[in-house]
Amino acid sequence: MPVSPKIAIIAALPREIAGLVRGTEADSSLRMQGVWLYRVEGAVVVAGGMGAGRAAVAAETALAAADVRVLISTGLAGGCAARVEAGSVMEAGVVVDVASGERFVAGSGSEVTLATAGVIASVAEKARLASNFGAALVDMEAAAVARIALARGVGFRAVKGVSDGYEFELSALAKFEGERGSFRTGAFAAYTAVRPWTWGKAIELGRGSAKALEGLEAVLRGVVAEG
């Protein structure tokens, strides 16, 4: 009998875990619910959509699928501090829920603080999060995963790839959230194609995201290998 994975890796979008699950198939019974669950050697990997609600669904699905001992919130995050470079990979030691003020300790021992907000953060919001919470990073899901880990008595980590720096903003992104926390990539591409003034920002974001996801895959493979 195969050993049940001890690690569950929770992301928002399938593209954030695409490299990690290459060559495997998502559980077909869950895809209609907007949940992409993969099993790789040593881990169950789930993408459940953007936002706290969808992250909670993904985490609970992972816990139901295997004897999970550690939940890892992963995917892309924005930088809130000048020292945080687009394309880098960082692990948080503390996650702050911006809405409630709750603080969750992650298992890494890192001094990096990740703020979880309800929307894609603007430049002004990034600055506020850095000032009020000491945040180096911002995402939309980690606090929800941390809350479930605490409630279920399992470990928690947050490992993020940095898609954009503290001075980056592309406000149009918020318009393209689809059903169940998906991102309407085709609609965003069509929107951008006819607005040349957005091309530079879109290219910058694309490059930062691609580099971050490549590094994130390598880090997560190492975490899984270590068990």
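Quick look at the numbers
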| read-out | value |
| --- | --- |
| Distance-filtered residues of the range 144-181 - backbone nitrogen under 19 Å, label point 7 angstrom along Asp67 Cα→Cβ | 152-156 |
| Heavy-atom accessible surface of the chain: percent carbon and sulfur, 1.4 Å | 55 |
| Using alpha-carbon coordinates, inclination of helix 123-133 to the longest axis of the chain, degrees | 50 |
| In degrees, nearest ten, helix 142-152 long axis to first principal axis of the chain (Cα) | 20 |
| Spatially close lysines, pair count over the chain: Cα under 22 Å, gap of eight or more or interchain | 9 |
| With all protein chains modelled, accessible area of Trp36 [1.4 Å, Å²] | 70 |
| 0 to 90° range, to nearest 10: angle between helix 52-65 axis and the chain longest Cα axis | 20 |
| Nearest-20 debye value, the chain charge dipole, Cβ charges on Lys, Arg, Asp, Glu | 200 |
| The range 60-128 and the range 183-227: distance between their alpha carbon centers, rounded to Å | 17 |
| For the range 107-227, convex hull volume per residue from C-alpha positions, Å³ | 132 |
| Summed residue charge, Cβ within 13 Å of Thr198's Cβ, Lys/Arg positive, Asp/Glu negative | +1 |
| Accessible heavy-atom area order of Phe183, Phe156, highest first, probe of 1.4 Å | Phe183, Phe156 |
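The values are calculated or read from the model by the stated rules, or taken from the named source; none is laboratory data. What you are looking at is a predicted structure, and each value in this text was computed from that prediction instead of being measured. As a convention, Cβ positions derive from the backbone with ideal geometry for all residues, glycine included, and neighbour counts pool all protein chains shown. All accessible areas refer to the heavy atoms of the entire protein, side chains included, with ligands and DNA or RNA removed. Shrake-Rupley method; radii C 1.70, N 1.55, O 1.52, S 1.80 Å.
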